[in-house]
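Just below is one structure, and these are the notes that go with it.
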Amino acid sequence: MSVETCVQLYKSRMDTRSLQEQIVQLRRSLFDQGYLDEQFIQLEELQDDANPDFVEEIVTSYYTDSVRLIQNIDQALAKYPFDFEKLDNYMHQFKGSSSSIGAKKVVLECSQFRKYCAAGIAEGCVKTFQMIKQEHAMLRKKLETYFQMLSSAGGT
């Protein structure tokens with residue numbers, strides 16, 4: 001084996017090790033910053049060699065479904081007076097699906113939204129929904145980065 005080949009092999013191993021460390025750090029930060037909870041870990045435990053992309057598929061499905069729920073809530077918030085029962089039903093669905101992937105910050109904001117619905121506080125619903133959309137989008141970006149890194153590392 002030539003010296004150049006050895007150097008390339010060494011660099012490749014170092015790059016892989018560095019990527020694996022970045023993946024571990026990113027994953028840890030998702031929990032430390034409160035974006036994810038133990039439900040995400042439970043999903044990871046269901047993933048195996050027969051279905052190596054299980055978690056990513058579940059998260060992708062969540063984001064596909066949540067777009068529809070967000071649109072429904074947006075439309076309901078555009079009608080005045082607010083139908084708080086309808087809004088609460090939509091948010092109940094959204095909270096449940098968010099909880100199923102362990103989207104901790106989104107779930108917390110959903111709970112706050114539902115409290116505003118129960119109290120009939122329109123302004124609180126509107127402001128909280130903006131936070132929900134922000135947290136939803138931020139988690140999406142972070143998870144997309146995480147799954148891209150996993151893919152680059154070969155599913156590590």
_Criterion (touching a residue at least 24 places away in the same chain (Cβ under 8 Å) and either within 30 Å of residue 17 (Cα to Cα) or of a type in the set (Ser, Thr, Tyr) (or both)) met by exactly one of 145, 60_ = 145
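Yes or no, residue by residue, for (1) at pLDDT below 95; (2) among the basic types (Lys, Arg); (3) under 18 Å from the mean Cα position of the chain (by Cα); (4) outside any helix (DSSP H, G or I):
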position: 92; (1), (2), (3), (4): no, no, yes, no
position: 96; (1), (2), (3), (4): no, no, yes, no
position: 99; (1), (2), (3), (4): no, no, yes, no
position: 113; (1), (2), (3), (4): no, no, no, no
position: 131; (1), (2), (3), (4): no, no, yes, no
position: 135; (1), (2), (3), (4): no, no, yes, no
position: 140; (1), (2), (3), (4): no, yes, yes, no
position: 147; (1), (2), (3), (4): no, no, yes, no
*Counting just the residues of region 109-136 that are among the acidic types (Asp, Glu) and either surrounded by 16 or more Cβ atoms within 10 Å (Cβ to Cβ) or touching a residue at least 24 places away in the same chain (Cβ under 8 Å) (or both), which one comes out farthest from residue 63 (Cα to Cα)?*
109
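When you check residue 143 against the structure, is it within 15 Å of residue 36 (Cα to Cα) and among the hydrophobic types (A, V, I, L, M, F, W, C), yes or no?
So residue 143 passes the test.
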_One residue is enough: does region 37-48 have a residue meeting the conditions surrounded by 16 or more Cβ atoms within 10 Å (Cβ to Cβ), touching a Leu at 6+ places or on another chain (Cβ under 9 Å) and over 22 Å from residue 152 (Cβ atoms)?_
no
*Considering every residue within region 18-27, establish whether at least one is part of a helix (DSSP H, G or I), among the small types (Gly, Ala, Ser) and buried (at least 16 other Cβ atoms within 10 Å of the Cβ).*
no
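The values are calculated or read from the model by the stated rules, or taken from the named source; none is laboratory data. These numbers were taken from a predicted model, which means no experiment stands behind them. Every residue, glycine as well, gets a Cβ built from its backbone with ideal geometry; the counts of neighbours run over all protein chains shown.
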